[in-house]
Every structure is written in structure tokens, then in C-alpha cells.
Amino acid sequence: EVQLSVSKRGLFRRLFDETTTETTTCEWEDCLDDTLGDRLQAMGISRRGFMQFCAGMASLMALPPSMGPAMAATLLAMPAKPSVLYMSFQECTGCLESLVNSFPSTRANSTSIENLILNLISLDYQETLMAAAGEQAESWRNQLIQHPGYVLIVDGSIPVIRQNGVFLPSPYFVSGGQSGVERLRSAAENAGLVIAVGTCASFGGLPKADPNPTGAVSIGDLLVNLGLGSKPLINVSGCPPIAEVITGVILYYLTQGKAPELDNHHRPKMFYGETIHDECYRKEFFERELFAERFDDANARKGYCLLHLGCKGPVSHNACSTVKWNQGTSFPMQSGHGCLGCAEPDFWDLNLGSGKGFYVPLPPGSFEGD
Ligand code: SF4
Ligand code: F3S
């Protein structure tokens with residue numbers, strides 16, 4: 001039986017270890033033809049392994065324990081995979097790399113978590129991953145967006161020309177003969193949900209950093225300007241975002257049929273509700289006022305707090321201290337570097353929390369608990 005008391009930090013390692021090695025014969029008698037249950041059975045994933053996965057995800061998302069079985073039941077009975085379009089604009093492809101390369105296996109029949117997630121959705125369009133190109137790809141995209149209700153995932157910011165408060169198409173981004181503005185408008189109009197993945201899509205990111213030579217704007221700002229501000233939008237910020245956070249948000253939407261509770265930056269509170277500092281294992285040194293003053297001094301070697309070396313953890317909201325990176329292996333402070341605040345608006349302009357530079361300390365008294 002699943003131990004829901006497992007810490008978030010150890011959760012994903014447990015999920016990987018236990019779900020991926022599960023080989024017992026499963027009982028799927030409750031599943032109807034063409035459901036997710038059938039597909040997972042064909043992959044050799046046991047019911048027990050899947051239940052463990054759902055219970056673990058519920059715990060990670062701070063949902064009540066009863067939600068694990070409820071999520072599993074919803075997913076197993078799901079008759080069709082929701083269609084997902086993933087479109088890229090002004091970006092570096094780091095967000096997609098984070099998603100597809102953060103898991104141990106991408107083999108077609110692997111029973112690892114990433115295939116579990118990819119079997120929950122139908123990733124119908126992704127320029128980097130799909131084999132189709134040119135007119136064939138454009139034709140496919142144009143067909144897909146005729147069917148309302150799909151999930152639109154976007155990474156990258158979009159360049160615009162500002163004219164009397166209106167965002168007009170800019171020649172800095174053109175794909176398939178369409179500007180970024182037109183491309184987003186046509187894809188967003190029929191979308192049931194828009195997920196902006198990465199800090200560029202969520203807040204403008206590096207392209208928007210001063211002096212913003214292309215006139216880049218975030219997906220949220222552009223949707224509002226295009227009159228699509230009522231479209232449900234989730235920002236999954238980070239440079240890049242944590243892969244498990246991206247998949248967790250998708251899973252929540254699939255099982256709950258709605259976006260999770262969001263903060264004032266449209267980020268899901270379940271992953272961005274606490275600061276990096278809140279859960280940082282170096283916090284005991286912070287509270288005892290034990291700080292590293294240089295990256296190579298004796299205090300740094302003792303693992304003391306990195307606040308004086310510019311750590312922005314106290315003003316940065318993300319799940320790095322709990323979920324960590326690379327299947328729970330580590331995160332910036334564990335490798336000896338402070339947080340840069342990569343999931344916050346305008347962090348590339350180096351003035352997050354008025355610490356004016358990546359290595360400039362936050363001013364005394366500038367954050368709660370200081
Ligand atoms: Fe950790 Fe940075 Fe907070 Fe220090 S200031 S406890 S290193 S998050
Ligand atoms: Fe980004 Fe800070 Fe995490 S720089 S990766 S939010 S520790």
C-alpha cells in the first residue's frame with residue numbers, strides 16, 4: 001500500500017524505482033476498450049504501479065489522499081487522449097529539453113513515468129519532435145485547431161510592434177508564413193486551456209530583458225491584448241521549468257477538468273506556493289546567521305547559507321528545494337550555488353528583490369523572516 005507520508009523530496013525517486021520495476025500481472029477488468037487502462041495494460045504497467053503513481057502525484061500536488069484513487073479511476077476510464085499542441089516561439093528549446101530528457105528512458109514501450117504521462121495525452125503537434133515538416137506540418141496544425149477543447153502548450157515569448165496600446169505582428173518571428181501574433185491567435189482561439197511553459201512564455205524571459213530589442217511580450221499579455229484574456233492560462237515558469245512540474249500540471253488538468261489554484265502570476269500554488277528559501281536545507285544555517293562569504297571559503301565548504309553570495313531563494317517561488325532536478329538528484333543550493341530567481345518575472349534584468357545582480361545580496365530586511 002502506498003505510504004502517503006513519504007516526503008516530497010524522496011517521492012519521485014520512489015515513483016521511478018517502484019513504478020518502473022513493477023512487473024506483476026495486472027487486473028484491468030474494470031477497464032473498457034480503448035481506455036487508458038487498455039493502453040497501459042498493453043505496455044505491461046500493473047494496476048498497482050499505476051495506483052502508486054497516482055497516489056504519489058496526489059501527494060506531490062498536496063491533494064487529499066483520497067484523490068489518488070479518484071485520479072486513477074478518472075484516468076483509467078478516459079476514453080480518448082486529450083489532444084495537445086505544443087508550439088514554440090522565441091525560445092532556446094531548453095524547456096522541451098527539460099521535459100523530454102529529464103527522465104531515465106524514452107524507449108517506446110518503457111514503463112517509466114514519462115511514457116505514463118505521454119500515454120495520457122496525444123501530443124499531436126510539436127515542431128522539434130514531430131517528423132512532419134513544412135506544408136505537411138502546417139496542414140496538420142490547421143486541421144487540429146478546428147476542433148475546440150485541445151490543450152495548447154507554448155514556450156517562448158512573442159515579439160510585437162506596439163501601436164497605441166495594440167500589439168501588432170512583428171517580422172522578428174515568422175513561421176509557416178505567419179507572424180508569432182497570428183500564430184498564437186489562431187491556435188489559442190479554440191484551445192480549452194493554454195499552458196505557458198518556461199519563463200519566456202510566462203513573463204517574457206530573456207528576449208524581453210532590457211533593452212528588449214524584439215519587443216517581446218509574454219503569452220498572457222498577448223492573449224489579453226488580443227481579447228482572449230478570459231482563456232484559462234497556467235504559467236509554468238522557470239528557466240527551464242522542472243519536468244515533473246510540467247507533467248504534474250497536465251495530470252491535474254486531465255483528472256480535475258480545470259486549472260489548479262493559481263497565484264497572482266497565474267502559477268499553480270501547489271508548485272509555486274512556497275519560496276525556495278522556505279524548504280531549503282541550508283535554512284538552519286540562515287537562522288543561525290552562518291553564511292558563506294566566498295564560494296571557496298571554509299564556510300562554503302561547511303554548507304552554510306548562500307544569502308551573502310546573492311542567493312535569491314527568499315524571493316523566488318518554485319519547487320526546486322522539494323522536487324529537485326534530474327529525478328530528485330540535486331538543485332542549485334545543493335551544488336553550492338545560490339538561486340537566481342529563474343521562475344520570477346524579469347529575473348534576467350538582475351534586479352530581483354532589489355538585489356541588483358545575480359551575485360548581489362538581497363538588501364537587509366527585504367524579505368519576510370529576515
Ligand atoms: Fe537556502 Fe538561499 Fe535561503 Fe540560504 S538564502 S537558506 S541558501 S534559499
Ligand atoms: Fe531557478 Fe532558483 Fe530553482 S534559479 S532552478 S528557481 S533554485
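The values are calculated or read from the model by the stated rules, or taken from the named source; none is laboratory data. Since this is a predicted model, take the numbers as computed values, not measurements. Please note: Cβ atoms are built from the backbone with ideal geometry, for glycine as well, and neighbour counts cover all protein chains shown. Surface areas here come from the heavy atoms of the whole protein model, side chains and all, with no ligands, DNA or RNA. Shrake-Rupley method; radii C 1.70, N 1.55, O 1.52, S 1.80 Å.
Observations on the model:
- In sequence order, calculated HN-Hα J values of segment 54-65 (Karplus, 6.51, -1.76, 1.60; Hz; x Gly/Pro): 5, 5, x, 5, 4, 5, 4, 8, 6, 8, x, x
- Size of charge dipole - segment 231-341 - debye, nearest 20, with Cβ of Lys, Arg +1 and Asp, Glu -1, no other charges: 260 debye
- In segment 187-337, Rg over Rh equals 1.05, where Rg is the alpha-carbon radius of gyration and Rh the Kirkwood radius from pairwise Cα distances.
- Listed by chain and number, the lysines whose alpha-carbon sits under 20 Å from that of LYS81, ignoring those within fewer than 8 places in the same chain, are LYS258.
- Solvent-accessible area of ARG294 with every protein chain in place, 1.4 Å probe, in Å² to the nearest 10: 140 Å²
- Tensor-based shape of segment 167-243 (alpha-carbon gyration tensor, a/c under 1.5 rounded, otherwise prolate or oblate): oblate
- Here segment 261-370 has an Rg and Dmax of 13.4, 43 Å, counting Cα atoms alone.
- Three-way shape label, segment 207-279, alpha-carbon gyration tensor, a/c 1.5: oblate
- Sorting SER139, SER179 on solvent-accessible area from highest to lowest, probe radius 1.4 Å, gives SER139, SER179.
- Overall form of segment 170-211 per C-alpha gyration tensor (a/c, 1.5; a/b vs b/c): oblate
- Too-long pairs where the Cα-Cα distance tops 19 Å, listed order kept, from LYS208/LYS356; LYS231/LYS324; LYS302/LYS324: LYS231/LYS324; LYS302/LYS324
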